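The next block holds one structure in the form of structure tokens; read it before the comments.
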């Protein structure tokens with residue numbers, strides 16, 4: 001698909017003075033079959049409706065903000081050209097990956113209320129429901145704070161819904177045969193759908209025995225949590241940091257490299273805009 005993108009980009013740049021026909025796009029089903037993948041189409045979607053598709057439920061870890069950016073914030077980037085293939089992973093199943101590209105773009109417009117009345121009503125109900133959820137979880141947190149023991153003992157009426165998570169750190173190095181070569185990312189938490197930076201920040205601000213309330217990435221679920229145990233204390237972690245900071249392949253170096261690459265990319269993009277650079281061929 002990358003080869004077709006390059007060919008089509010050259011054709012687009014020559015279109016004004018060249019009568020050559022537009023290159024024919026590869027057959028999606030045949031392309032997927034050769035690659036051992038499954039073909040799919042979203043149809044024309046917008047920032048909100050894309051979330052109802054499989055692709056719309058994916059996310060990518062942002063090295064700059066250290067949080068997962070949902071597809072809706074990535075796929076509609078106007079700087080991404082037509083037919084340029086990109087990849088993204090499933091937010092829940094980390095071994096599921098998608099390759100996608102844009103095939104058409106429609107200018108934004110303000111629809112008539114009659115055409116979107118059902119959508120407006122649905123979204124309004126969601127916002128109102130979140131207020132009720134916030135009120136309920138705060139009631140549960142307060143109830144739990146007035147009792148002793150584990151969360152099941154503190155909230156016996158909710159015992160069947162209460163689970164224990166795996167032990168987790170804030171950041172996890174990538175897996176694979178050579179973990180040091182993979183970028184760090186937010187750790188996964190059993191029972192929580194796509195954690196965020198704010199989630200980790202809230203949880204790790206609590207000491208053992210303290211309660212708190214957090215939301216998942218899509219804000220459609222809220223949790224009352226109890227920290228049962230913390231790992232090494234701050235002094236121990238500081239000593240570990242000092243021992244590993246200057247070692248090649250350390251977590252700190254990998255995190256810093258990710259930030260540097262992002263700043264470097266944005267700096268180049270800013271220069272191109274300020275200098276009004278127009279590429280006569282795809283940049284190498």
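The values are calculated or read from the model by the stated rules, or taken from the named source; none is laboratory data. Given the structure is predicted, the values throughout are model-derived calculations rather than measurements. Virtual Cβ from ideal backbone geometry, glycine too; neighbours counted across all protein chains shown.
Within the stretch 10-54, the residues that satisfy the criterion of being assigned to a helix (DSSP H, G or I), within 28 Å of residue 70 (Cβ to Cβ), modelled with pLDDT under 85 and out of contact with any strand residue (DSSP E or B) (no Cβ under 9 Å at 6 or more places or on another chain) are 49, 52.
Exactly one residue among 227, 192 is surrounded by 13 or more Cβ atoms within 10 Å (Cβ to Cβ), modelled with pLDDT of 85 or more and on the phi < 0 side of the Ramachandran plot, and that residue is 227.
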